[in-house]
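Heads up: the structure comes next, in structure tokens.
The values are calculated or read from the model by the stated rules, or taken from the named source; none is laboratory data. Because the structure is predicted, anything quoted here is derived from the model rather than measured. FYI the Cβ positions are ideal-geometry reconstructions off the backbone, even for glycines, and counts take in every protein chain you see.
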Amino acid sequence: MKKLIIMASMIITFLLPAIGATTTTDTVNEDARKRLHQLNDGGYTQDDVQAEIDFGKKLAAGILGKTTILANKKMNSYVNTIGSLLVSQVGRPELRYHFAILDSDDVNAYACPGGYIFVSKGALKLMKNEGQLAGVLAHEITHVNQRHIVKQLNIKAKDDSLNSNIAAVVGGGSTAFFTMLNQGMDLLFTDGLKREDEYEADAIGLEMLTALGYNVRSYYDFLEEVKRSNEQHKDQVMNKTHPSMDSRLERIKLIMTQNGLHQLNGNTNQPRFSKYVTL
């Protein structure tokens, strides 16, 4: 119980500066939160959730087979705290989310079903403030919340249907499971998710930033930085696994303009970011 109280206190301590220093109205933030809570489609059972978690755990292990977690406890704790702020408002209550920094100079971030989320050291190097970090995490959290990989691979608990794409996710011992696991790795590292899913993750991510009082322009600025870096280091920056950066930036700008988000003076929390992120 004492541990839970300490964790709640930490989240509140971090959350207040993000919201309190913004000039956005409480109504705008509350409206964003209400819209976000209406997005999850349901239509899945607790057994399906367990299958999703088990699959995501194995997929996360696959990522960690390619690269390791950055050996920096302070930075990983900070990223976990910011991720926890986001999911405390808009996460799926049936999941326990995990966040970690990958010790990789590639510029990318990954979301595995069940709430396993990674951001690379290379991506953090391009970031200038907490708003940008929150934007990237919000994008990845949306992939989990909207069950993008789960839907694409039809991940669910074992049933008696001959149409089930996976024989037995729970336990993960079947040939079907390992086939599905390889398909999941291909989605993350080679083929990429559906363009519509990436666009949706950007749009809902902006709602998350609005709900928590962050400067939504921060995320746009980060993607512009990714685009510039992409032009210089095509082998190190996300390109295969995402729609073109130009199309994403165009859509984000349209969303901000149509909803008046570009006029909101949210917080970036740059000093706090600089305190914890030292690369």
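Quick notes on this structure:
- Boolean, THR241 is at pLDDT 90 or above and surrounded by fewer than 19 Cβ atoms within 10 Å (Cβ to Cβ): no
- Answer from GLY115, GLY56 - the residue that is modelled with pLDDT of 95 or more, at positive phi and crowded, with 19+ Cβ neighbours inside 10 Å: GLY115
- Close pairs from the range 67-86: first in contact (Cβ under 8 Å) with a residue 12 or more places away in the chain, partner polar (S, T, N, Q) and exposed (fewer than 15 other Cβ atoms within 10 Å of the Cβ), Cβ under 9 Å, at least 6 apart: ASN72/THR278; LYS74/THR278; MET75/THR278
- Residues satisfying the stated conditions in the range 87-103, i.e. without any contact (Cβ under 8 Å) to a residue 60 or more places away in the chain and part of a helix (DSSP H, G or I): VAL87
Okay, residues lined up against (1) over 23 Å from LEU264 (Cβ atoms); (2) modelled with pLDDT under 95:
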residue: ALA123; (1), (2): yes, no
residue: LEU126; (1), (2): yes, no
residue: ASN129; (1), (2): no, no
residue: ILE149; (1), (2): yes, no
residue: ASN154; (1), (2): yes, yes
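- Residue match in the range 20-39 (condition: in contact with a strand residue (DSSP E or B) (Cβ under 8 Å, 6 or more places away or on another chain), at pLDDT below 55 and surrounded by 18 or more Cβ atoms within 10 Å (Cβ to Cβ)): yes
- Failed item, numbered, when ASP235 is tested on (1) in contact with a helix residue (DSSP H, G or I) (Cβ under 7 Å, 6 or more places away or on another chain); (2) modelled with pLDDT under 95; (3) more than 30 Å from ALA51 (Cβ to Cβ): (1)
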